[in-house]
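The values are calculated or read from the model by the stated rules, or taken from the named source; none is laboratory data. Predicted model only: the values in this text are computed from it and were never measured. Please note: Cβ atoms are built from the backbone with ideal geometry, for glycine as well, and neighbour counts cover all protein chains shown.
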Amino acid sequence: MVKPSSLGDIVHLFPALARLHEAFPEAELDFMIHPAFAGALDYAPWPVAHRIFFDRRKLGSLNTFPREFAHLCGALRERRYDWVIDFQGLFRSAFFSAVAARKSPVAGFASPREKSARLFYTTAVSAARAHAVERNVELANHFAGSDLPVPDLPEPPVPEHVAPPEDLPERYLLLLPGARWPSKCFPAALFGAAARRIMAAYPHLRAVIAGGEDAELPARELLRELPPDTVDLCGRTTLPELFETVRNAAGVLCNDSGPMHVAALMRRPLCAFFGATRPEATGPWGDPGRCRVFRREDLTCLECMHRTCRRGYPCFGIDAGSVAEAMISMLEKDGSALI
């Protein structure tokens, strides 16, 4: 499998991996992935035999490119594959798929993200459905010889070598304020106002802020909005530790980001904020009773797909009270915040 990034894209691939593993239980899976996201494969429903690292930073530097390119090509050719499947759909991912395949078949989407990727495919599969999870399963169904719907994945087990961070409170509301695009980073005031109302309904809950480097700046703003006993884990967890932090949360407030998809995978009650992006294509995949999407439906510029906004981010005007009410309702049904 070739799917170097991002975190959300990799989690979106898990149902397709489950379908393929069910169809070919004796097959071995190798995976080309960016090193930053390799920890996510600890939670994959099909155990990964070999992880081949696509280090985009080294490949993007003139000084390190020749050595890294040769190293990557060598790693891709260490084993002979029956099939190579490119789930990324970019020119570079398709090219490295062909390197790994040698003369074996290479499969990908009939309408990849970059049309030039089709140059390297011997099999191109049409995927008509809207959501990325459904599209990935359509590609997997081609190999499984079936037309089954998206499988319902159970919550993944805790890997043997992974534990949650030691300073987590016993019961907490998790806030994930980071995102790669500025247009996805909803204001700290929204997170803070919703969190305060939720914790007023559940006084034993504490607030925990987590995420990668993209969450560190909004986290500093958010700390001014929250009680002094708030725990800030931004930039202080490994990826598997972040998965476990999400797993143990009573509920999750988040932007459209990779950790949002982890929350859906872990079946946690979550409220996700959308504006520039399309939840129908990349929103949280899970039980609608546990996954609530909030956005300004009255805007003509909704789903603009722009990284930044020239109109002053009108989509950021989500009502914190509605978010809090939805989370409180989900927590009452889930019951984990009551223990």
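In a strand (DSSP E or B), touching a residue at least 40 places away in the same chain (Cβ under 8 Å) and over 15 Å from Ala215 (Cα atoms), is that true of Cys271? Yes, satisfied. Of all residues in segment 57-85, which are in contact (Cβ under 8 Å) with a residue 24 or more places away in the chain and surrounded by 15 or more Cβ atoms within 10 Å (Cβ to Cβ)? Listed by number, the residues that qualify are Leu72, Leu76, Tyr81, Trp83, Val84, Ile85.
Select, from Leu17, Leu41, the only residue that is within 17 Å of Pro259 (Cα to Cα), among the hydrophobic types (A, V, I, L, M, F, W, C) and in a helix (DSSP H, G or I). Break it down into steps so the answer makes sense when it comes.
Details: Leu17 fails: within 17 Å of Pro259 (Cα to Cα).
Exactly one residue qualifies, and that residue is Leu41.
Filtering segment 109-149 to residues that are crowded, with 17+ Cβ neighbours inside 10 Å, modelled with pLDDT of 95 or more and assigned to a loop (DSSP other than H, G, I, E, B) leaves Pro112, Tyr121, His131. Filtering segment 274-289 to residues that are part of a loop (DSSP other than H, G, I, E, B) and out of contact with any helix residue (DSSP H, G or I) (no Cβ under 6 Å at 6 or more places or on another chain) leaves Phe274, Thr277, Arg278, Gly283, Asp287, Pro288, Gly289. Here Ser116 clears all of (1) in contact with a His (Cβ under 9 Å, 6 or more places away or on another chain); (2) polar (S, T, N, Q); (3) touching a residue at least 24 places away in the same chain (Cβ under 8 Å) except the condition numbered (1). Within segment 6-28, restricting attention to residues that are among the hydrophobic types (A, V, I, L, M, F, W, C) and over 22 Å from Thr238 (Cβ atoms), the residue that is surrounded by the fewest Cβ atoms within 10 Å (Cβ to Cβ) is Ala27.
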